[in-house]
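A.B. asks: This structure is in structure tokens; I'll ask about it shortly.
The values are calculated or read from the model by the stated rules, or taken from the named source; none is laboratory data. Since this is a predicted model, take the numbers as computed values, not measurements. In this analysis, Cβ positions are derived from the backbone assuming ideal geometry, glycine residues included, and neighbour counts consider all displayed protein chains. Heads up: the accessible areas ignore ligands, DNA and RNA and are worked out on the full protein's heavy atoms, side chains in. Shrake-Rupley method; radii C 1.70, N 1.55, O 1.52, S 1.80 Å.
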Amino acid sequence: MCRFIMLAFAWLVLGAWSSSHAQTYPDRPIRLVVPFPPGGGTDANARALAREMEGLLGQPLVIDNRGGANGIIAGDLVARAAPDGYTLFYTSVAFAINPSTHKKLPFSPTRDFTPITNVVVGQGSLLAVNPAVPARTVTELIALAKERQLTFGSPGVGNVLHLIGTAFSVRAGIQMLHVPYKGSGPAMSALIGGEVQVMVVPPLISVSHVKAGRLRALAYSGAKRLEAMPEVPTISDAGLPGFQMDTGWHACFAPAKLRDDIVNRIYTAIHKAIQSPKLREYFLVAGYQPTADPPARFQNDFQADLKRWAEIVRLAKIVPE
């Protein structure tokens, strides 16, 4: 009887400690690891979200850019971190693509991470060229690519922008030389500087360059025209009927075995953050749909996305490295 009372007391103490711990999280700054260099769409969205979340969580969110290997370097860092809620991972859908484009990863996307939520879903990207390229429409670009070798840049092999560009080339019956970079920022700089001629670019970091004349947007890969540039047709309307590709989600993950109460605390903050009119408008104008599905739903969708992107990689005939 005495032993039973002691066990019951221990459970009460443990329950009280757990509840108290949940209420005090976070009590210090949180590191938000971004798997690409500064200047890209993933980085820009992470910073915008972090600013809004800081007021809700009462602690700074410190951006830690760890570019390279299409997010694998950053993923390995997060997988090895303590599951205490103080290291989070804001990543693009490249995280779901990498298992299909690499023979071996230093971590398991399903076993070594806790999926929290899909913050936004990209509706599409712009097919853009350097202004020196003598093509002003999708039809002209296809004709030019059949006459001579064109180069197209991307943030890395297997990145969603690489897959959209590859799918476009396959559908158009052309072959452009792919030049991978270590993130959207460096790839965009290469496009503006003329190192590469063509690129599928995120609207968030490219619209201003298009409007300034540093890039020329030929079409948009989404199902309907981009709100910020209604004068730019969809790829489907501009020469490849039926062609449509979104850019997948940006999502928040944590190391595996993160406690449910902390998962819910982070998810609640993200969900509230994207309800902010200013942040919501920021995402929508850039072609992202604010989403933030509950953790259980996103976990199921993540499993399905691993299979969906594996099939897209197969159709794109990308050989795992």
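A.B. asks: Before we move on, is Thr234 in contact (Cβ under 8 Å) with a residue 12 or more places away in the chain and either among the small types (Gly, Ala, Ser) or farther than 28 Å from Ala81 by Cα (or both)? Let's see the steps before the verdict.
C.D. replies: Details: in contact (Cβ under 8 Å) with a residue 12 or more places away in the chain: yes; either among the small types (Gly, Ala, Ser) or farther than 28 Å from Ala81 by Cα (or both): yes.
Judged against the criteria, Thr234 is a match.
A.B. asks: Within the stretch 48-72, can you find the residues that are modelled with pLDDT under 95 and either open to solvent by 50 Å² or more (accessible area, probe 1.4 Å) or assigned to a strand (DSSP E or B) (or both)?
C.D. replies: Across the stretch 48-72, the qualifying residue is only Ala69.
A.B. asks: Is it fair to say Thr114 is in contact with a Lys or Arg (Cβ under 8 Å, 6 or more places away or on another chain), in contact (Cβ under 8 Å) with a residue 40 or more places away in the chain and more than 22 Å from Leu204 (Cβ to Cβ)? Working first, answer last.
C.D. replies: Values: in contact with a Lys or Arg (Cβ under 8 Å, 6 or more places away or on another chain): yes; in contact (Cβ under 8 Å) with a residue 40 or more places away in the chain: yes; more than 22 Å from Leu204 (Cβ to Cβ): yes.
Judged against the criteria, Thr114 is a match.
A.B. asks: Working only within the stretch 31-47, note down all residues that are under 21 Å from Leu191 (Cα atoms), of a type in the set (A, V, I, L, M, F, W, C) and either buried (at least 24 other Cβ atoms within 10 Å of the Cβ) or in contact with a strand residue (DSSP E or B) (Cβ under 9 Å, 6 or more places away or on another chain) (or both).
C.D. replies: The one that is under 21 Å from Leu191 (Cα atoms), of a type in the set (A, V, I, L, M, F, W, C) and either buried (at least 24 other Cβ atoms within 10 Å of the Cβ) or in contact with a strand residue (DSSP E or B) (Cβ under 9 Å, 6 or more places away or on another chain) (or both): Phe36.
Each row is one residue, and each column tells you yes or no for (1) of a type in the set (A, V, I, L, M, F, W, C); (2) touching a Phe, Trp or Tyr at 6+ places or on another chain (Cβ under 9 Å).
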| position | (1), (2) |
| --- | --- |
| Arg265 | no, yes |
| Ala269 | yes, no |
| Glu281 | no, no |
| Ala286 | yes, no |
| Ala292 | yes, yes |
| Pro295 | no, yes |
| Phe298 | yes, yes |
| Gln303 | no, no |
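A.B. asks: Restricting attention to the stretch 271-317, which residues are under 15 Å from Ala44 (Cβ atoms) and either open to solvent by 60 Å² or more (accessible area, probe 1.4 Å) or of a type in the set (Lys, Arg) (or both)?
C.D. replies: Lys278, Glu281, Tyr282
A.B. asks: With the structure loaded, tell me whether Thr114 is open to solvent by 10 Å² or more (accessible area, probe 1.4 Å) and in a strand (DSSP E or B) or whether it fails that test. Give the derivation first.
C.D. replies: Working: open to solvent by 10 Å² or more (accessible area, probe 1.4 Å): yes; in a strand (DSSP E or B): yes.
Spelling it out, Thr114 is indeed open to solvent by 10 Å² or more (accessible area, probe 1.4 Å) and in a strand (DSSP E or B).
A.B. asks: List pairs: first in the stretch 240-253 and touching a residue at least 24 places away in the same chain (Cβ under 8 Å), second of a type in the set (Lys, Arg) and surrounded by fewer than 24 Cβ atoms within 10 Å (Cβ to Cβ), Cβ under 9 Å, 6+ apart or cross-chain?
C.D. replies: Going by the 9 Å Cβ cut-off, the qualifying pairs are Leu240/Arg171; Phe243/Arg171.
A.B. asks: Can you go through Thr101, Thr110, Thr114 and tell me which one is at pLDDT below 95, over 14 Å from the mean Cα position of the chain (by Cα) and over 30 Å from Pro230 (Cβ atoms)?
C.D. replies: Thr101
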